[in-house]
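Report on the structure given below.
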Amino acid sequence: MKKISLFFIGLLFAGVQTYADTRAQALLLHNGQGKSFDADQLQQAVNEAVAGDTITLSEGAFLISGDTLTIDKDVCIIGAGADVCKIGGNVKVAIDGNPTLTRHLLDAVKVAGSLEIMKDAKGVSLRKVWVEKWFQGNGCEAHDVKIDRCYLNQFGTQVDKGTPEIKSATIVNSVILILGKRSSITKPYAEGYDIKFLNCNIACLSFNCSWAATYTNCIIGASYGNTNPGGMINNTFINTLLNTATSSVAIEGAYRQYNIANALSKGNVMHNCYNKPFTIKTDQYLNDFPTFGITKDELLTEGYLGTDGSAVGVEGGYTPYSLEPEGISVKESVLRVDPETRQLNVTLKVATE
């Protein structure tokens with residue numbers, strides 16, 4: 001890993017700052033030049049960026065005025081890691097012109113609120129992103145969405161009126177707490193949409209999951225909401241492990257669970273799927289990060305293998321689940337005061353693989 005130190009000299013400093021006080025900083029990279037922004041200026045950094053620019057975020061919390069960060073151009077925002085770098089609000093993707101994006105829109109960062117695609121776009125991509133609320137389209141058509149090694153509290157493809165919003169997506173080696181938004185989604189979409197889940201751990205399918213989706217090498221824990229299994233139809237399951245636990249311990253503290261294997265036995269296409277009882281732990285409101293009571297060693301020993309011969313679930317496949325950052329990221333930002341000139345020096349250490 002290479003480390004590059006970038007130095008920026010600020011205006012005359014009006015206050016007194018300790019020598020090694022660390023602050024969250026955003027660094028806008030444009031044509032080989034860098035400009036730093038404070039933690040509450042992330043929207044300003046996006047506003048000043050042009051398509052193709054990169055914004056790297058140090059460790060820390062980035063507070064958003066109005067509680068919403070609007071990304072209106074094809075930029076790449078890279079954090080220092082989803083466990084240490086947080087955007088403290090919602091994120092809305094609203095890029096004019098129905099663009100085709102070619103880079104990760106967000107990488108190695110936690111979003112404290114929801115993440116919504118608001119305008120037609122292709123290729124919206126997230127890598128190693130933690131979304132604490134829901135991810136969905138809203139009033140648009142999103143095609144070729146890519147989710148790579150992420151944690152999503154909720155993945156919903158449509159809003160109140162049941163209109164399809166995310167029409168094609170590939171979700172790889174990701175953990176999803178709830179598939180299908182619990183409150184506003186009333187109708188799942190019909191067949192004809194291309195949604196693929198590969199090596200994912202999914203704690204709960206919404207009871208209305210007529211997704212017409214394909215689940216390959218996944219682990220699925222239980223169902224949330226209505227105990228009527230008739231709403232789960234039109235899906236294809238390949239080499240997927242289905243929980244057969246029948247008691248409330250299927251999801252500790254939550255309610256209305258039932259044997260997910262039985263729930264999926266009608267109206268779905270099943271290829272070489274596995275049945276096994278195991279536990280999932282989260283809180284009673286299904287808000288906590290879920291833990292699956294089955295290890296990779298157990299999966300391998302008992303022969304629960306995916307199409308590539310590795311274990312089913314997020315620990316198998318070609319890119320096992322991890323929120324550790326990749327590529328360029330700001331590892332440290334330090335503010336120092338020159339005692340003679342009383343100028344503020346900002347040092348950003350940028351690490352690249």
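The values are calculated or read from the model by the stated rules, or taken from the named source; none is laboratory data. Please read all numbers here as calculations on a predicted model, not as lab measurements. Please note: Cβ atoms are built from the backbone with ideal geometry, for glycine as well, and neighbour counts cover all protein chains shown.
In segment 189-204, which residues are in a strand (DSSP E or B), modelled with pLDDT of 90 or more and surrounded by 22 or more Cβ atoms within 10 Å (Cβ to Cβ)?
Phe197, Leu198, Asn201, Ile202, listed by residue number.
Could you run through segment 75-127 and say how many residues are charged (D, E, K, R), over 18 Å from Asp40 (Cα atoms) and crowded, with 21+ Cβ neighbours inside 10 Å?
3
Out of the residues in segment 117-131 that are touching a His at 6+ places or on another chain (Cβ under 8 Å) and hydrophobic (A, V, I, L, M, F, W, C), which is nearest to Leu323 (Cα to Cα)?
Only one residue fits best here, namely Leu126.
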